[in-house]
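What follows is a single structure, written as structure tokens, with notes after it.
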Amino acid sequence: AAAAALGLLPLGKTQSPESLLDIAARKVAEKWPFQRVEERFERIPEPVQRRIVYWSFPRSEREICMYSSFNTGTEDPAAGSVGAG
């Protein structure tokens, strides 16, 4: 009730705390690419792998557009001929 009164939670909505798995997976995904995690550790339980992969993807529409863009910022003259012809 106090959190709702402070405007932290919408009225009538309760929020459950994040699991330790989700917190840890999110922190790993923020710091390292999944490929590096796979290379570094021999055995990663499947539920942990799934959560790291889940948190590795961008959340906002802006980030999704940025990462899905085909323009990498480097101009490769050979790349311009792909699909032509």
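One table, with the values for the structure above:
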{"quantity": "Surrounding net charge for ILE52, when Lys and Arg each add one and Asp and Glu each subtract one, Cβ distance under 15 Å", "calculated": "+3"}
{"quantity": "Within the stretch 20-67: Cβ-based charge dipole about Cα centre, in debye rounded to nearest 20 (Lys, Arg +1; Asp, Glu -1)", "calculated": "120"}
{"quantity": "Those GluC sites (Glu not before Pro) in the stretch 36-66 that DSSP places in a loop and that have at most 12 other beta carbons within 10 Å", "calculated": "GLU42"}
{"quantity": "Theoretical FRET efficiency, 1/(1+(r/R0)^6), r = Cβ-Cβ of GLU18 and GLU42, R0 35 Å, to 0.05", "calculated": "0.80"}
{"quantity": "Radius of gyration and Dmax over the Cα atoms of the stretch 20-67, both given in Å", "calculated": "11.3, 35"}
{"quantity": "Label-point separation, GLU30 to GLN49 (7 Å along Cα→Cβ), nm", "calculated": "2.5"}
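Only the coordinates and a few stated rules stand behind these numbers; no lab work does. Keep in mind the model is a prediction, meaning the values are calculated, not measured. Using ideal geometry, Cβ is built from the backbone for each residue, glycine included, and neighbour counts are taken over all protein chains shown.
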